[in-house]
Amino acid sequence: MMNKVKSLYIHIPFCNNICDYCDFTKLQYFRNFAVSYLDTLEKELKGYQIEELKTIYVGGGTPTALEDDLFEKLLEIIKPYSNGVQEYTFEANPESLTSQKVSLLKQYGVNRVSLGVQTTNQKILNELNRKHDFTQVKEAIKCLNDAGIENYNVDLILGLPHTSEKILRQDLENILALNPKHISCYGLTIHPHTALFNRGFQEPEGDVLRQYYDIVNEVLASNGFIHYEVSNWTKPGYQSEHNLTYWRNEQYFGCGLGASGYIGNIRYKNTINLDRYLKGEYVQEKEVVTSDDQRTYQIMLNLRTIEGLDVLFAKGKEKEIASMIDSGLLIKKDGRLVPTYEGMMVLDQILLKLI
Ligand code: SF4
C-alpha cells in the first residue's frame, strides 16, 4: 500500500518557564529528562514508516528551551525524515531563539519559524508570566532575517487581561514592523487550574472578542494579508502547509508526549504521562474513524479555511446551504462551499446546520 501520510508533527514538551494561561502538554525543563526524552522520541519515530514527507512541524512546549547540544541532537534525530521536505517549521519563544539556534535551524534545513509573542505590551506579558520583552522579539526576528529564514509566523492572543482596542492596535503596528509572512490570532481561553483562572480572570465576552477580530482583520487586510483560516492570516503564498494538512482532513504522523496523529482510519493521541512515554507506551487513545465520522471531520475542518468544502459532503442540506448563502455566511465557488469572513466568525452555527 502506498504511504499517503505526508506530514509529521513532533512535540517537545519542555519550557524554561510556565506561562499563567497555559493548558498545553508541557513540563519544566530539566536536562536529564530532556536527554531521555530525545532518546525515546528517536525510537518512537523509527517505529513508523515515515517516507517522503511534505511538511514537518516541531511544536511544544518550547523546542528552543533545549540547550544547544540537545537542540542539535533533536535536529539530528529528525534529519533522516527532512530530506526534500517543502515546509519545515520550528516553534520558538523569543528569549530562547538565539543566533546559535537560528544557525542550527538553517544548517538543518528548517525554513519556517513560528514565534510565540502573544502581545508586545510589557504589563500584560508580566501578568501572563511570559519571560520575554519586545526587544527580544526584535532581536530574534533580526537573527532569522540575518540567517535568511524570512518565513516566520507571529502568534498573538486576543482578549488578554488588561488589554484594550488601543493595546491591540499597538500590538499590530509593532508586529507589522517586523514584516512577518503569517500571523495567528487566537482568543484567550481560561482553563481551570491555570494561574489566570485561580486569580479570577475571565475570558473576553463574545462580542468583545468579535470586535478584536474585526480590528485584526481590517488592519491586516489593509497590509496585504489574506484571512485564510478562522484564526490565521497570511501574505500571499505563505499559508501554513502543515496546518492545511489538518484542515484538509489529511493524514499525519504525531510523535512525542501528548501528540495526536491520524493514520489510515485511526486517529490517535499519545500519553501525556512522561513515565509511560519514556517506557515506550506512546499511544494512549485510538479512535477508529468510520465513514460517518470522516464526513463530520471533513465538514468541520474544511469549513475553517477559504479552500472550503466539496458540496458532495453536504448532500441533503441544500435548503440550509441556500439560506446560509443568502445570509452571507457561505459562497459557492467551483463546486465548493467557502465560508465568508462573517461565516468564519460564526462557524459553530454553520456546522450545527450541516452536521
Ligand atoms: S511557553 Fe507555551 S507551552 Fe510553555 S508554558 Fe508558555 S504557553 Fe505553555
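Rule-based calculations on the coordinates, nothing more; no lab input. On a predicted model such as this, the values are computed, not experimentally measured, just so you know. Note: ideal-geometry Cβ built from the backbone for every residue, glycine included; neighbour counts use all protein chains shown.
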For the stretch 299-312, 3J(HN,Hα) per residue [Karplus equation, 6.51 cos²θ - 1.76 cosθ + 1.60, θ = phi - 60°, Hz, x = Gly/Pro]: 5, 4, 8, 4, 6, 6, 10, 6, 6, x, 10, 4, 4, 4
Spin-label zone in the stretch 175-195 - amide nitrogen under 17 Å from a point set 7 Å from the Cα of Arg210 along the C-beta vector: 187-188
Relative compactness, the chain, computed as alpha-carbon Rg over 2.2 N^0.38 Å: 1.00
Cα-centre dipole for the chain with unit charges at Cβ (Lys and Arg positive, Asp and Glu negative), debye to 20: 420
Tensor-based shape of the stretch 251-316 (alpha-carbon gyration tensor, a/c under 1.5 rounded, otherwise prolate or oblate): prolate
Label-point separation, Glu173 to Gln86 (7 Å along Cα→Cβ), nm: 3.8
Spin-label model distance (nm) - Asn32 vs Lys319, 7 Å beyond Cα toward Cβ: 6.7
Stretchable slack from Lys131 to Thr290, in nm (0.36 nm times residue separation minus alpha-carbon distance): 52.8 nm
Descending principal axes extents, the stretch 36-77, alpha-carbon based, whole Å: 29, 21, 17
Leu278 paired with Glu42, simple spin-label distance in nm, labels 7 Å along Cα-to-beta-carbon: 1.7
Residue of Gln136, Gln49, Gln86 that the Gaussian network model of the chain assigns the largest fluctuation, springs spanning Cα pairs under 10 Å: Gln49
Burial ranking of peptide ranges 307-315, 319-327, 89-97 (average Cβ count within 10 Å, highest at the top): 89-97, 307-315, 319-327
Residues in the stretch 33-59 that a label on Ile266 would reach, taking backbone N under 12 Å of a point 7 Å out along Cα→Cβ: 48-49
Among 189-199, 53-63, the order from most to least packed when residues are scored by Cβ within 10 Å on average: 53-63, 189-199
Relative counts (whole %) of C-alpha pair distances in the stretch 104-222, using bins that are 5 Å wide: 2, 10, 21, 21, 18, 13, 8, 5, 1, 0
For the stretch 236-253, Karplus couplings with θ = phi - 60° (6.51, -1.76, 1.60), whole Hz, Gly/Pro x: x, x, 10, 4, 6, 5, 5, 5, 4, 4, 5, 6, 7, 6, 9, 7, 7, 7
Which listed pairs, of Lys4/Lys73; Lys6/Lys106; Lys6/Lys317; Lys43/Lys181, have C-alpha distances above 30 Å, in listed order: Lys6/Lys317; Lys43/Lys181
Dimensions in Å of the stretch 46-184 - Rg and Dmax from alpha carbons: 15.9, 50
Whether the stretch 68-117 is rounded, prolate or oblate, judged on the alpha carbon gyration tensor where a/c under 1.5 counts as rounded: oblate
³J(HN,Hα), Karplus 6.51/-1.76/1.60, whole Hz, each residue of the stretch 35-50, x for Gly, Pro: 4, 5, 4, 5, 4, 5, 4, 4, 5, 4, 4, 5, x, 9, 8, 9
Antiparallel content of DSSP bridges confined to the chain, in %, to 5: 45
